[in-house]
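For reference, the structure is listed below as structure tokens.
The values are calculated or read from the model by the stated rules, or taken from the named source; none is laboratory data. On a predicted model such as this, the values are computed, not experimentally measured, just so you know. Virtual Cβ from ideal backbone geometry, glycine too; neighbours counted across all protein chains shown. Ligands, DNA and RNA are excluded from the accessible area calculation, which covers all protein heavy atoms including side chains. Shrake-Rupley method; radii C 1.70, N 1.55, O 1.52, S 1.80 Å.
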Amino acid sequence: MPDEQQLLSRIRDYVTQLIARTTQLEASQIDEEEALEEYGVDSLMIMTLNTELEAKLGKVSKTLFFEYPSVAEVAEYLLDHH
């Protein structure tokens, strides 16, 4: 079983890929610490992101990407709560 750091790294990779698909950017262009709004993430994209996360994890907060505005913050939240 992976340790917490390995799991966090996997979650960060997953969220980065999710953001990349949604914004049509390359995953390598996304800085995990940068605010998602810097990549053009808007409320319509957040609805798409929430739908994709819910398909994998079950119910997530509709305000998740507003409360945790970077890949790193979303990953930490998901590690702690899912």
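So the values come out like this:
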read-out	value
Of all accessible heavy-atom area on segment 5-49, the percent that carbon and sulfur account for (1.4 Å)	45 percent
Dipole magnitude of the chain, debye to nearest 20 (Cβ charges: Lys/Arg +1, Asp/Glu -1, about Cα centre)	480 debye
Shape of the chain, Cα gyration tensor, a/c cut at 1.5	oblate
Relative contact order (percent, whole number), the chain, Cα cutoff 8 Å, 6+ residue spacing	38 percent
Helix runs (DSSP H) in the chain reaching 30 Å along axis by Cα, Kyte-Doolittle at least 1.0	none
In the chain, GluC sites (Glu not before Pro) in a DSSP loop with at most 10 other beta-carbon atoms within 10 Å	E26, E33
Residues in segment 60-76 that a label on A27 would reach, taking backbone N under 19 Å of a point 7 Å out along Cα→Cβ	70-76
